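The values are calculated or read from the model by the stated rules, or taken from the named source; none is laboratory data. Just so you know, these numbers come straight off a predicted model, no measurement behind them. Virtual Cβ from ideal backbone geometry, glycine too; neighbours counted across all protein chains shown.
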Amino acid sequence: MSSGKGVLLLLLQGTAAAVLLLSELAGQPLGFGRGALFGVLFVCTIALLSGQLRFSSRLRRMKAELARARSGNWNARLLTNGDRSLDDVVFSVNEWIEKLEEIQIRTARSEAARKSLLSNISHDIRTPLSSIIGYADALKDDVAATPEQKKEYIEVISDKARSLKRVIDDMFQMAKLDADEMPLTMEPVDFAEVVRESLIEILPDVQLHGLELHVRLPDDPCVVEADRIGLLRLTGNILKNAVHYGRDGGAVGVEMSEGAEEVTLLIWDRGAGIAEADLPRVFERTYRTDRARRAQTGGSGLGLAIAKALADKHGGKLWAESVPGERTTFGLVLPKRGPSANGIKKPLRDG
């Protein structure tokens, strides 16, 4: 390289650094000597090495954080330091770690829910089954001495058998909903009339516990697009829940209102109520806010979960709100079929 004009190109581990020295600028010498040239070369080399070392150090830190994430430490995150060459990679990796963390949390919750479901269902099957076996053995061993006692034992067996059948039916229904093997036959249905049918089913329990029943339903049909059988199951489950947990409150109410595009059903009771912290979980399978009441009410604990799944399949919304000690309300909103009520008979008026 001549002192008049020279070009130095330095390649360092894939990083190119060029020091271009022109000895002439508009025909005039720059005045750089050989020593100055090597000085510039030395400075450039040190700068490149330093940058390369910082780059390598950052890659090592990234590798360490990825190893932490791979071992299950989801707090691991890559940090940016203003180096735009790696920022996109850092952001993408952090997003990937966050998604893996969400998947891990959902998996853990699902496994916990599965174990809880199996435990609760086992209890709900074992309890009535044990009673059936006990009273059947008593009859076999002639423990019941009089016809009246025998009749009482038989009634207990019949009652426990029906309770066991309800648990099995709920399990079967939930399994079909989970597997999406429960197709709905959507057609115009009078929502108010369906609620009346559900009320007839729970009336014996209402009378048995001496509850006041407050009903406010429209006289005219409230038509919604729904599967009639599914809607009966949906409203029936909510009503049964209100009767079961509203026993101590002395009253259960049903109200329906019709809007331009939807119909709203409110079912309330004056039982002990639900704590605010428990409200988000009331539609979880087998979740009960008070295990002491569980032994009194029985059931599979799947009723509200089934109701929620059916509401979703109908394109509706089901929610709960409660003021403990005063009133608990379950609300259901379903989209309307339209203003026409053709083909639907006018219901009987509330008595």
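Quick look at the numbers
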item: Only one of Lys140, Lys165, Lys176, Lys160 that is surrounded by fewer than 16 Cβ atoms within 10 Å (Cβ to Cβ) and more than 30 Å from the chain's Cα centre (by Cα); result: Lys140
item: Within segment 129-164, tally of residues that are over 28 Å from Gly303 (Cα atoms), of a type in the set (Asp, Glu) and assigned to a helix (DSSP H, G or I); result: 3
item: Selection count where residues are part of a helix (DSSP H, G or I) and either of a type in the set (S, T, N, Q) or in contact with a Gly (Cβ under 6 Å, 6 or more places away or on another chain) (or both), scope segment 202-251; result: 7
item: Matching residues in segment 211-242 - criterion: being in contact with a His (Cβ under 9 Å, 6 or more places away or on another chain) and surrounded by 22 or more Cβ atoms within 10 Å (Cβ to Cβ); result: Val224, Ala226, Gly230, Leu231, Leu234
item: Neighbours by Cβ (under 6 Å, 6+ apart or cross-chain): first from segment 180-202, farther than 16 Å from Asp219 by Cα; second part of a strand (DSSP E or B) and among the β-branched types (Val, Ile, Thr); result: Pro188/Val223
item: Scope segment 165-201; condition modelled with pLDDT under 90, of a type outside the set (A, V, I, L, M) and not in a helix (DSSP H, G or I); matching residues; result: Asp180, Glu181, Pro183, Thr185
